Amino acid sequence: MRLIIIGGVAAGTKAAAKALRVDPNLDIIIYQDEAEVAYSACGIPYVISGVINDGNRIIIRTPEDFAKEGITVFTRHRVVSIDKSARHLTVKNLHNNIDEVVAYDRLILATGARPIVPSLAGIDLQGVVTLRNIVDLNRFEMLLNSLQPKQAVIVGAGYIGLELAEALVYPAIKTTLVEKSACILPKFDAEMAEHVHQHLVDSNVELILGDGLAKLYGENGRVTAIETESGKKIAADLVVLAIGIRPNSELAKACGIELGKTGAIAVDTRMETSIPGIFAAGDCCETTDRIRGIPIWMPLGDIANLQGRVAGTNAAGGNAHFPGVFGTAIFKTFNLQVAITGLSEKAARESGFEPVSIVMAGADRARYYPGRQELTIKLVADRGDGRLLGAQVIGTGAVDKMIDIAATALLGKLTCADLENADLAYSPPFSPVLSPIIVAAGALKTKLEKMARLI
Ligand code: FAD
Ligand code: NAD
């Protein structure tokens, strides 16, 4: 039986490896339109900042590595159409532009996503870049070396924008962030995003909020400035577009596979699309929000891997299910770690919950222990039953630990009262005697009880 996988970065390669373990007799082929496969896009900001000093280190496996295991990888091969009735694909070999028709028994779409690039005059000027893949990384590094930019504008203060700001400011590039929303990080509540805002200002990043990109100016084919929608002109010899991404779902749509309302491919919990025998995984497809029970699009690397495993298992004849996500994410910008899981207070209210929240400052070690770092936790719970709906954690301390405890609490549908009595590990080098998340949960429980008494 032949399994073909379209797309070979995170979801596609994970699906291939899993499918082979489930059925070692499968004939597995990956078609990948880029020159590289199995790289970690998540490492790109750290190659640019120099924390990772060799870009090749984010290429995890090569086609030769896959070949040794019996998985065939064709790089620079793009699947241009799928004939679902005949069960065959048309693949363009990008080396020579020759099309070939190839038969499949099972298919996995792992076509990912691409950056949003607005159609504005000047968008093609040299010095205007996106950051998604190895080609983007190489172009970016080449620009840094050859143009030696002095003034950068990052458009979009989301995950990529903030990870990258650090990488640009350290080599003394004057950096301005332009964000269309009224505050940075619109997925977070404003009071939490405010901490990050202040940290960026303290780190010499200029911020322009509530304003979008309107125009680009250039000379001799190179970008020289941008203009915002409100008419502010900012000089720039480097412009990074980080205004979000779109799912690569056109190939699926063209062959009659249903897309969801988000524009990504609709799948069931087995990662099967509307066409039996065709699966999808990763940034190209939707998933379920485990709190609200609705389809959402949550394009993240760990989710792509989890979904790839399930799609690979099922395409190989197994039976696995992916239950959905809480949208747990973390990143760092300068010295601050920033994380979220579940619903923000704003999102909870918009979704019809009656959220109650608490924001508390804490630290990640005993008061007297050296190296103690601070953090701020926001917990959001449902007023009715006290069930935790979400958490946001920001600080220089063990932010990852707090957010992972909160994500696990969401998985267990815990209330603040449950979390207040969680038996977590304690010793002075690792935690205060009561973890900040326990203290925050206790305070939120008390707040909820007081509100209940007032009714
Ligand atoms: P993609 O990585 O988009 O790969 C899909 C591949 O399929 C691409 O190579 C594409 O060119 C190819 N393809 C598409 N159509 C075809 C076709 N028709 N034929 C052949 N090939 C095709 N996530 C996190 O969870 N944590 C992080 O810290 C994090 N950091 C990130 C930092 C950056 C700078 C970026 C860009 C992303 C980051 N992400 C992070 C997101 C993460 O990288 C993605 O969620 C992940 O790469 C998705 O994997 P994928 O395989 O679904 O899709
Ligand atoms: P994003 O969705 O995180 O942020 C985009 C930002 O651009 C938003 O704040 C949005 O309001 C703003 N924006 C939109 N249009 C604009 C305009 N015209 N002018 C100015 N601002 C505008 O997207 P991203 O930063 O491009 O990252 C893409 C994806 O990569 C993320 O959605 C995430 O899935 C993934 N990623 C994850 C991590 C992580 O988990 N650590 C890191 C990097 C990237």
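The values are calculated or read from the model by the stated rules, or taken from the named source; none is laboratory data. Computed from a predicted structure; not experimentally measured. Cβ placement follows ideal geometry from the backbone for every residue including glycine, while neighbour counts extend to all protein chains displayed.
Of these, Asp33, Asp99, Asp83, which one is more than 19 Å from Asp302 (Cα to Cα) and in contact with a Cys (Cβ under 9 Å, 6 or more places away or on another chain)?
Every option except Asp83 fails the conditions.
Scan the stretch 336-354 and report the pairs whose first residue is touching a residue at least 60 places away in the same chain (Cβ under 8 Å) and whose second residue is of a type in the set (Asp, Glu) and assigned to a helix (DSSP H, G or I), with Cβ atoms within less than 9 Å and a gap of 6+ or a chain change.
Matching pairs, first to second residue: Gln337/Asp400; Ala339/Asp400; Ala339/Asp404; Thr341/Asp404; Glu345/Glu191.
Within the stretch 266-277, can one find any residue that is more than 16 Å from ligand 1 (Cβ to nearest atom), surrounded by fewer than 24 Cβ atoms within 10 Å (Cβ to Cβ) and closer than 30 Å to Glu345 by Cα?
Looking through the stretch 266-277, at least one residue is more than 16 Å from ligand 1 (Cβ to nearest atom), surrounded by fewer than 24 Cβ atoms within 10 Å (Cβ to Cβ) and closer than 30 Å to Glu345 by Cα.
Yes or no: Ala304 outside any strand (DSSP E or B), within 12 Å of ligand 1 (Cβ to nearest atom), under 17 Å from the mean Cα position of the chain (by Cα) and under 29 Å from His88 (Cβ atoms)?
Against the criterion (outside any strand (DSSP E or B), within 12 Å of ligand 1 (Cβ to nearest atom), under 17 Å from the mean Cα position of the chain (by Cα) and under 29 Å from His88 (Cβ atoms)), Ala304 qualifies.
When you check Gln126 against the structure, is it in contact (Cβ under 8 Å) with a residue 60 or more places away in the chain, polar (S, T, N, Q) and away from ligand 1 (no atom under 14 Å from the Cβ), yes or no?
In short, yes.
Kindly indicate whether any position in the stretch 18-25 is touching a Gly at 6+ places or on another chain (Cβ under 9 Å), of a type outside the set (A, V, I, L, M), within 10 Å of ligand 1 (Cβ to nearest atom) and not in a helix (DSSP H, G or I).
No.
Name every residue in the stretch 140-159 that is surrounded by 15 or more Cβ atoms within 10 Å (Cβ to Cβ) and either more than 16 Å from ligand 2 (Cβ to nearest atom) or assigned to a helix (DSSP H, G or I) (or both), in order of residue number.
Hits for the stretch 140-159 are Phe140, Leu143, Leu144, Pro149, Gln151, Tyr159.
How about the stretch 30-131: which strands (runs of 3 or more DSSP E) wholly inside it have at least 1 residues that are closer than 21 Å to Arg309 by Cβ?
The qualifying strands (runs of 3 or more DSSP E) are 71-75, 106-109, 113-115.
Please go through the stretch 216-237 and give me each residue that is within 16 Å of ligand 2 (Cβ to nearest atom) and loosely packed, with under 15 Cβ neighbours inside 10 Å, ordered by number.
Hits for the stretch 216-237 are Glu229, Ser230, Gly231, Lys232, Lys233.
What pairs can you find where one residue is in the stretch 248-273 and on the phi > 0 side of the Ramachandran plot, the other is outside any loop (DSSP other than H, G, I, E, B) and buried (at least 16 other Cβ atoms within 10 Å of the Cβ), and their Cβ atoms are less than 6 Å apart, with a gap of 6+ or different chains?
Gly263/Pro247; Met271/Phe279; Met271/Gln307; Met271/Val310; Met271/Ala311
Output the residues belonging to the stretch 314-363 that are exposed (fewer than 15 other Cβ atoms within 10 Å of the Cβ), closer than 30 Å to Leu3 by Cβ and touching a Ser or Thr at 6+ places or on another chain (Cβ under 9 Å).
Asn319, His321, Pro323
Please tell me if Leu168 is modelled with pLDDT under 95, in a helix (DSSP H, G or I), more than 15 Å from ligand 2 (Cβ to nearest atom) and of a type in the set (A, V, I, L, M, F, W, C).
The answer is no for Leu168.
Of Ile48, Ile98, Ile60, which residue is more than 10 Å from ligand 1 (Cβ to nearest atom), within 20 Å of the chain's Cα centre (by Cα) and either of a type outside the set (Phe, Trp, Tyr) or at positive phi (or both)?
Sole residue among the options that is more than 10 Å from ligand 1 (Cβ to nearest atom), within 20 Å of the chain's Cα centre (by Cα) and either of a type outside the set (Phe, Trp, Tyr) or at positive phi (or both): Ile60.
How do the pairs read when you match residues in the stretch 205-220 that are over 15 Å from Ala121 (Cβ atoms) with residues anywhere that are at pLDDT below 95 and within 16 Å of ligand 1 (Cβ to nearest atom), using Cβ under 9 Å and keeping only pairs 6 or more apart or on different chains?
Val205/Glu166; Val205/Leu168
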